[in-house]
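Novice: Take this structure, written in structure tokens, and hold onto it; I'll ask about it next.
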Amino acid sequence: MSQHKNFEKERIIDLKKILAIIQKNFIVIMRDKARILPLILFPVFMILVFGFTSGNAPKHIPTAVIAYDHSQLSQKIQQDISGSQTLAIKKIVSTEGEGKSLLDSGKVKVLIVIPSQLQEKIDSGGQAGITVIVDESDSSVASTSKQAISSIITGASKDISIEKIMSFQKSVGAASQGMQNYNSQFLNKYSLIISKSKSAEDSLKEASKKISDQASSLENSLSAPTPIIAPRITRANESFNYFNQTYIPESAAYLSAKGQISVLKQSSSLVESARENVHDTSEMAKEEDKKFKNAQDYQSQQDNVVEPANSIKEFTGYNAGSLLKPLAYEEKPAYGTGKRNIDFLIPSIIALTIFQGAVMGMGRAVAGERREGSLTRVFLTPTSNVTIILGTLFFYIIFEILRSAFLILLAMNLFSIRIEGSLIAVLVVVVIYAGVSTAIGMLLSSAVKTETQYFGVAMLVSLPTVFLAGAFFPIQAMPKLLQGVASFLPVTYAGDALRGIMIKGFSIATVAFDVIILLVFFALTLGACFIVFRRDIE
Amino acid sequence: MKAIIEIKNLTKKFGTLTAVNAINLEVKEGEIFGFLGPNGAGKTTTISMLNTLLKPTSGTALVAGYDFIKDSSYVRGIIGVVPQSFSLFPELTAEENLTYIGKLYGMKDSVIKERTASLLKTVALQEHKDRISGTFSGGMKQRLSIAAGLMPQPKILFMDEPTTGLDPQSRIAIRELTRTLNNSGITIFYTTHDMEEADKLCDRIAIMDKGNIIALGTSEEIKHSIKAEHIVEIELESPSNQLISELRKMPHVVSVHQSNGILNIRLSRKDGIFHKLSDFFYKRRQKVLEIRMKEHSLEDVFIHLTKKDLRE
């Protein structure tokens, strides 16, 4: 080994050499500007997108209210909706048609239908349903808004329910109290009538006992045995929350509530018969009026009983369902029933694959062929730039049509998705969008020298496209800045148009805005291609 | 013979670097014109401009009578090019490559078919016409590249270092093919840095260095231009440093170099030099094993002109 005087012996781990390799790689990467930029921007973008989307539910989802009722209750529900951060009422309309066109245009994502005579129905012990129509093309927006509205309506329903039960309790208590007073004062004072009102006394006693029993049993069921009203309401709320959480029609909580209601009904009929008895005794007492001076006295005692008895009677028309859930939340998908996540994903996937396919493909077609020299061969022939550009462009358009067709057929067969709109309309969007994507790829490839650089630069465009396409992350949940970036990306319009046609069954005229924007993109990018496409081989 | 390529004051600058510096050149119809120079001399830049791939900074050129900027499309239809690197579509077969190129030249399908078949025969690839060209050997790729250059039936064929990196058999095959093509009437513009190849193959030669044409003419003319110097090679039994320094003091001796025991002596005059040298060595009791006058090679010319070795 003496002849290698100039070298050190080879080692398995040679720190100096490791350092040399590290240093060399740093030099290489720092000199390649087209690579270093995306390498830095990539994580920044990822942090921005994930930071703003994960954990942040969509906010201020544009909502329209179709108000067929303008009662206090209707106002209250609307206020609750506006008060939530999730939804923002953009417009209040008076017909479903108006609402639907707002939904179609994408100006709102949610419609809330408040039925006519809402307050009247609830006040008379009936049930009313609030219908929510959601544009499900953005699944996370759809689920977030459904959840928010459902909880607002359930909350309102609970408030009404508690109020009713409290007033029922109050009436029962008052009736019971009134009857006790009647018993103690009237019966004791006017012994003459005792014999005549014997039967009345018995039924009154029984009624009074039953009523107070039931009143306290109802109180007990809604609260712990405490004489103070405020905690009682709180506890009633808690037991309702529990009830809502575990609500299944035949659950124990439901059954017990139902049992209480039927006991209440029984006691109500007892109160009714007591009232009749009181009436009878009062009539009898009136007969004896001449002999007694305090006729007014028992008249007022009678009123004490009759009034609560009447208000109790109101509740006899109630059923458990309407008492416990006066307001019902009803859901209706905006565009056909049975739409699943995959239905909403397919248009976005098509939009994404077209873009990725064309942009990445152009790296091979232009940057790659430029490197390989086969583009030189083309440049050596009497073939104009426009011809070269159009040839490449048409190839990608045809290729993307075939690829989209394959994707749609696959989705149809594997996941039995249905396309609501016309295939011709889908084709129109695919053609224009493939054109835009190809032209963007061509522009980028004109700006770089090597294929590696190309993929770096292409990533700068394709990353925001993937994340801001709305396929994986809700745009609604992103900050205004990123939403602004999205409005400069063709994928936003292509995705919107494809979702409109494929899911909502829109015609090409309905998505005309998207199509026009895409055409503008196409004209600009293609025009730029003709200008910047370089023929010079260095 | 009339000129088929006329270059006037052709200049190309890349930023501050002048790759081609106002060169003037004429290539005659029917000749094999050798374009020599070391790497980075500006040969490929010049060829790229003549091929319409690169726009010049200034200057003009007429290719077969057409202005290479104004009528670039005509020029492309008249010339054939065999670029330095393989520039075909590696995913296509030999035949598909030629067919595609024919279509880009706007040729009729029947003509393409005929021409493809005859060219594949010319470059001896007819047996491999259905093979994917990416799998070809270096020599085969170069032959296919020549066929591609010949597709438009060019008047001029530009060949940019077509033998570089090939094995000796392939080099010979390419040279023979070049000569055959030239015999069929095609003017050949041949770039190389192999002096021997240029010497054997080319009718006229231009030598380029640092963007300038430093010599132009037939191989003989260029060699004669430095005939003022004469080289004698002497092999001695035991040459010493003392002897070499004494040799250098002799009249008319320009320089003395020693390599592998052979002395290379450059002289400004050759009259009676053998006599003088034998006398010199006899007096010093030196046994001369061999003594010979040496012919100039293009390589010597190049070293003389540029003061550097060609393959640097």
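The values are calculated or read from the model by the stated rules, or taken from the named source; none is laboratory data. Note that this is a predicted model, so its numbers are computed, not measured. Note that each Cβ is placed from the backbone with ideal geometry, even for glycine, and that neighbours are counted across all protein chains shown. To get the accessible areas, we keep the full protein, side chains included, count just its heavy atoms, and leave off ligands, DNA and RNA. Shrake-Rupley method; radii C 1.70, N 1.55, O 1.52, S 1.80 Å.
Novice: Among B:Asn212, B:Met195, B:Leu247, which residue has its Cα furthest toward the positive end of the charge dipole of chain B, with +1 on Lys/Arg Cβ and -1 on Asp/Glu Cβ?
Specialist: Checked the options; the winner is B:Leu247.
Novice: Going by Cα centres, region B:1-46 and region B:230-268 are how many Å apart?
Specialist: Centre-to-centre distance over Cα atoms comes out at 39 Å.
Novice: For region B:141-215 and region A:63-128, write down the distance between their C-alpha centroids in whole Å.
Specialist: Centre-to-centre distance over Cα atoms comes out at 84 Å.
Novice: Shifting gears a bit: Taking chain B as the reference, fit the longest principal axis to its C-alpha atoms, fit the long axis of helix B:168-183 to the helix C-alpha atoms, and give the angle between the two in degrees, 0 to 90, nearest 10.
Specialist: That works out to roughly 70 degrees.
Novice: If you wrap region B:142-210's Cα atoms in a convex hull and average its projection over all directions, what's the area in nm²?
Specialist: 5.0 nm²
Novice: On to the next question. Is there a quick way to get the dipole size of region A:79-118? I mean about its Cα centre, with the Cβ of Lys and Arg at +1 and of Asp and Glu at -1; what is the value in debye to the nearest 20?
Specialist: Numbers: 5 positive and 4 negative charges, 31 e Å.
Dipole about the Cα centre, nearest 20: 140 debye.
Novice: Considering only B:Arg204, B:Arg171, B:Arg269, give the residue with the highest GNM mean-square fluctuation for chain B, with springs between Cα atoms whenever their separation is below 10 Å.
Specialist: Largest GNM mean-square fluctuation: B:Arg269.
Novice: What do you get for Rg/Rh over region B:173-312 if you use C-alpha atoms and the Kirkwood form of Rh?
Specialist: 1.09
Novice: Suppose each label sits 7 Å from its Cα in the direction of the beta carbon; what would the A:Gln117-B:Lys13 distance come out to in nanometres?
Specialist: 9.2 nm
Novice: For peptide A:380-387, how many partner chain Cβ atoms fall within 10 Å of a residue's Cβ, on average? Mind dumping the intermediate values first?
Specialist: Values: counts 17, 14, 12, 6, 1, 0, 0, 1.
Averaged over the peptide's residues, the number is 6.
Novice: Ranked highest first by the average count of other Cβ atoms within 10 Å around their residues, in what order do B:239-251, B:188-200 fall?
Specialist: B:188-200, B:239-251
Novice: Moving on to the next point. Suppose every K and R has +1 on its Cβ and every D and E has -1 on its Cβ; what is the size of the dipole of region A:19-166 about the Cα centre, in Debye to the nearest 20?
Specialist: 920 debye
Novice: May I pose another question? On C-alpha positions alone, give me the angle between the axis of helix B:109-122 and the longest principal axis of chain B, in degrees, nearest 10.
Specialist: 30 degrees
Novice: Which of the residues in region B:42-65 show a loss of at least 50 Å² in accessible area from their chain by itself to the complete set of protein chains, at a probe of 1.4 Å?
Specialist: With the partner chains in place, region B:42-65 has these residues losing at least 50 Å²: B:Leu53.
Novice: Determine the gain in length on full extension of the stretch B:Thr60-B:Glu229; use 0.36 nm per residue of separation and subtract their C-alpha separation, reporting nm with one decimal.
Specialist: On the way: separation 169, 0.36 × 169 = 60.84 nm, distance 3.75 nm.
Extra length available between B:Thr60 and B:Glu229 comes to 57.1 nm.
Novice: Here is a further query. For region A:397-538, with the dipole built from +1 on Lys and Arg beta-carbon atoms and -1 on Asp and Glu ones, taken about the Cα centre, which of A:Tyr454, A:Ser507, A:Phe522 lies farthest toward the positive end?
Specialist: A:Ser507
Novice: Next question, about the same structure. Just the number please: accessible area per residue for chain B, 1.4 Å probe, all protein chains included, in Å².
Specialist: Details: 15060 Å² over 312 residues.
Counting only protein heavy atoms, the per-residue value for chain B is 48 Å².
Novice: In square nanometres and to one decimal, what's the mean projected area of the convex hull around the Cα atoms of region B:109-165?
Specialist: 4.3 nm²
Novice: Evaluate the distance, in nm, between pseudo-label points positioned 7 Å from the Cα of A:Ile401 and of A:Ala523 along their respective Cα→Cβ axes.
Specialist: 2.3 nm
Novice: If you build a Gaussian network model of chain B, linking Cα atoms that sit under 10 Å apart, which residue out of B:Asn264, B:Asn183, B:Asn21 swings the most?
Specialist: Between B:Asn264, B:Asn183, B:Asn21, it is B:Asn264 that shows the largest mean-square fluctuation.
Novice: Please work out the FRET efficiency for the pair B:Lys2 and A:Asn25, using the Cβ-Cβ distance as r and a Förster radius of 51 Å; give the result to the nearest 0.05.
Specialist: The formula returns an efficiency of 0.35 here.
Novice: I would also like to ask the following. What is the dipole size for chain B, taken about its Cα centre, with +1 at each Lys and Arg Cβ and -1 at each Asp and Glu Cβ, in debye to the nearest 20?
Specialist: 580 debye
Novice: If you don't mind, there's one more thing I want to ask. Between A:Lys91 and B:Ser85, what is the spin-label point distance in nm, taking each point 7 Å from the Cα along the Cα→C-beta axis?
Specialist: Label at A:Lys91, label at B:Ser85, 5.9 nm between them.
Novice: Chains A and B: what accessible area do they bury, summed, in square angstrom to the nearest 100, with a 1.4 Å probe?
Specialist: Using a 1.4 Å probe on protein heavy atoms, the buried area is about 1800 Å².
Novice: Also, quick follow-up: Structure shown: which of A:Lys59/A:Lys325; B:Lys13/B:Lys43; B:Lys70/B:Lys155; A:Lys76/A:Lys121; A:Lys76/A:Lys100; B:Lys2/B:Lys121 lie over 21 Å apart, alpha-carbon to alpha-carbon?
Specialist: On the way: A:Lys59/A:Lys325 28 Å; B:Lys13/B:Lys43 14 Å; B:Lys70/B:Lys155 19 Å; A:Lys76/A:Lys121 16 Å; A:Lys76/A:Lys100 23 Å; B:Lys2/B:Lys121 31 Å.
Distance filter (> 21 Å) returns A:Lys59/A:Lys325; A:Lys76/A:Lys100; B:Lys2/B:Lys121.
Novice: Once R0 is set to 51 Å, what does the formula 1/(1 + (r/R0)^6) return for the Cβ-Cβ distance between A:Ser487 and A:Ile162, expressed as a FRET efficiency to the nearest 0.05?
Specialist: Working: r = 46 Å, r/R0 = 0.91.
With a Förster radius of 51 Å, E is 0.65.
Novice: Mind checking the angle between helix B:273-283 and chain B's longest principal axis? C-alpha axes, 0 to 90 degrees, to the nearest 10.
Specialist: 40 degrees
Novice: Let me know the whole percent of all Cα-Cα pairs from region A:480-526 that are separated by more than 14 Å.
Specialist: Values: 561 of 1081 pairs.
Result: 52 percent of Cα pairs exceed 14 Å.
Novice: Same structure, new question: If you take each beta carbon of peptide B:146-153 and count the beta carbons of other chains within 10 angstrom, what is the mean?
Specialist: That average works out to 1.
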